[in-house]
Amino acid sequence: MATTISQTRVSQRRQATIEELLDHAQAILDEEGAGAVTVSEVARRIGMRPPSVYKYFDSLHAIYDGLFARGQTRIVQAIEYAVRDREPGLASLLAGHRAFVEWSTRELGLASLMFWRPVPGFVPSPESMAAAQALSALGREELRVAVERGELAPAADSDEAARLLTVLVSGVFSQQASNQPGADFDAGLFTSLTDEVLAMFVRHYRPTP
């Protein structure tokens, strides 16, 4: 029993250190962009020697992967919170995609790593991609339900419609981040158009009377 408790405490301390390292890496990402994240800078900020960081992350790309996973987890949480009181189908679909843009605008550093691929050669691990794939599947299911409920035309229950919606919302984020980073979601030149962009999608797939 004592050994188990000791192992648990070691594991908890290790995970706490990993999260602290990621906190510092995310701060660098937010302040200076993905290219500024280095093992030596993360080590300097936490007060470690660089070789000690490799006890927790075996490479710089592993740190990027940890940030990617953190971002995916947090955007899923933001979307789940946004749709918690919504009816399945169109209401949930629109609320979730609005939350996607709002979160991405607020968490520009993580979002840029997740959606722009700014690090040459970095490929997220399957484990880190799992949340993104689950989120994509959820959006696809919401389209199916919206069609089933008569809120959208049958053509919306398709991979093409799902891709179109992704292009629309990611385009809003990309334009905002590229041209007016740091702006408030509601006041941003492009993010303020989010509801109209989503309405355009709905009009495009309006059910035939």
* Structure fact -> What helix-only [θ] at 222 nm does the chain give? Using -39500 (n - 2.57) per DSSP H run of at least 4, over all residues, to the nearest 500, the answer is -23000 deg cm²/dmol
* So how do 123, 147 rank on accessible area, 1.4 Å probe, biggest first, that is with the largest at the start? -> 123, 147
* Structure fact -> Once amide hydrogens are built 1.01 Å from N within the peptide plane, the residues lying 5 or more places from residue 152 or on another chain with amide H under 5 Å from its amide H are 147
* Using only alpha carbon positions, build the gyration tensor of the range 124-209, then give the equivalent ellipsoid semi-axes as the square roots of 5 times its eigenvalues, largest first, whole angstrom. => 25, 20, 9
* Asked: Any idea what angle helix 126-148 forms with the longest principal axis of the chain, computed on alpha-carbon atoms, 0 to 90 degrees, nearest 10?
  -> 10 degrees
* To do: Give the accessible area for residue 18 in Å² (nearest 10); use a 1.4 Å probe, count only protein heavy atoms, and leave out ligands, DNA and RNA.
  => 30 Å²
* Asked: Of all the accessible heavy-atom surface of the chain, with the other protein chains kept in place and a 1.4 Å probe, what percent is carbon and sulfur?
  -> 54 percent
* Would you check the accessible area of residue 114, probe 1.4 Å, heavy atoms only, in square angstrom rounded to 10? => 10 Å²
* Accessible area (Å², 1.4 Å probe, nearest 10) - residue 116 -> 100 Å²
* Rounded, prolate or oblate: which fits the range 94-140, taking a ≥ b ≥ c as square roots of the Cα gyration tensor eigenvalues, rounded meaning a/c under 1.5, else prolate when a/b beats b/c? -> oblate
* Using alpha carbon coordinates only, what is the Rg to Rh ratio of the chain, with Rh defined as the Kirkwood radius? -> 1.06
* What number comes out for the charge environment of residue 146, summing +1 per Lys or Arg and -1 per Asp or Glu over other residues with Cβ under 12 Å away? -> -1
* To do: Working from Cα positions, state the angle (0 to 90°, nearest 10) between the long axis of helix 159-179 and the longest principal axis of the chain.
  => 60 degrees
* Using a basic spin-label model with each label point 7 Å from the Cα along Cα→Cβ, how many nm lie between residue 155 and residue 45? -> 4.7 nm
* **Test item: Cα-centred dipole of the chain, Lys/Arg +1 and Asp/Glu -1 on Cβ, debye** => 580 debye
* For residue 167 and residue 80 in one chain, what is 0.36 nm times their gap in residues minus the Cα-Cα distance, to one decimal in nm? -> 29.2 nm
* Estimated FRET transfer efficiency (residue 73, residue 192; beta-carbon r; R0 25 Å; 0.05) -> 0.35
* To do: Determine the per residue accessible area of the chain with all protein chains present and a 1.4 angstrom probe, expressed in square angstrom.
  => 55 Å²
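The values are calculated or read from the model by the stated rules, or taken from the named source; none is laboratory data. Because the structure is a prediction, the values reported are computed rather than measured. Glycine gets a Cβ as well: all are built from the backbone with ideal geometry, and neighbour counts include every protein chain shown. Areas reflect the complete protein model, heavy atoms only, side chains present, ligands, DNA and RNA absent. Shrake-Rupley method; radii C 1.70, N 1.55, O 1.52, S 1.80 Å.
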